[in-house]
Amino acid sequence: MKKHGMGRAILGSLALTLVSLAGCGGASYDGPPRAEVFGAVTWNGEPVDGGTINFFPATSGGRTAGATIEQGKYRLEEAMGPEMGEYNVMINWGVKKNPDNLDDPLIEQIPPEYNKATTLKATISESPQEVSFALPQ
């Protein structure tokens, strides 16, 4: 009897996975136009490398979009980009004190006014659009 229960669990998991993947295919997007957004991010004159940038709608509704910052640059392709509108922008850059220690926590390098208490804003009005940030220390 336990064999059948295990088999049902595996089949159930497989079915759930297949249903989830079905939504990842070529379904078309019906919402408002999205924008390709790209730019540079520096902190104290140096390129941010390995951080993230996230665009949160300034008003309720709309979609959040985010990207990884590599060597001071990021790019959001139109398919994953933000819709046109006003955004609050959060930039995070966590660095480990000891990169060789996997248990070492990330230490945020960017002050709160640029992430959890952000004062950064962006208006997305065209595609493609450059939105860059030179963050002072």
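May I ask for the net charge around A65, where only other residues with Cβ less than 9 Å from the Cβ of A65 are counted and Lys, Arg are +1 while Asp, Glu are -1?
Working: positive: R34, R63; negative: E83.
Surrounding charge for A65 is +1.
Amide hydrogen proximity for N115: with H placed 1.01 Å from N in the peptide plane, the residues at 5 or more positions away or on another chain lying under 5 Å are I91. The HN-Hα couplings worked out from phi for the range 97-109 by the Karplus form 6.51 cos²θ - 1.76 cosθ + 1.60 (θ = phi - 60°) are 4, 10, x, 7, 9, 5, 7, 5, x, 6, 10, 5, 8 Hz, whole numbers, x standing for Gly and Pro.
For L120, the residues 5 or more places off, or on other chains, whose built amide H falls under 5 Å of its own are V89. Between the amide H of A65 and those of F55, distances stay under 5 Å, these residues lying 5 or more places away or on another chain, with hydrogens modeled in the peptide plane.
What does the extension gain come out to for K96 and E46, with contour length at 0.36 nm per residue minus their alpha carbon separation? Let's see the in-between values first.
Values: separation 50, 0.36 × 50 = 18.00 nm, distance 1.75 nm.
Difference between extended and current length: 16.2 nm.
Rule-based calculations on the coordinates, nothing more; no lab input. Only a predicted model underlies this, so the values are computations on that prediction, with no experimental measurement involved. All Cβ positions, glycine included, derive from the backbone under ideal geometry; neighbour counts span all protein chains shown.
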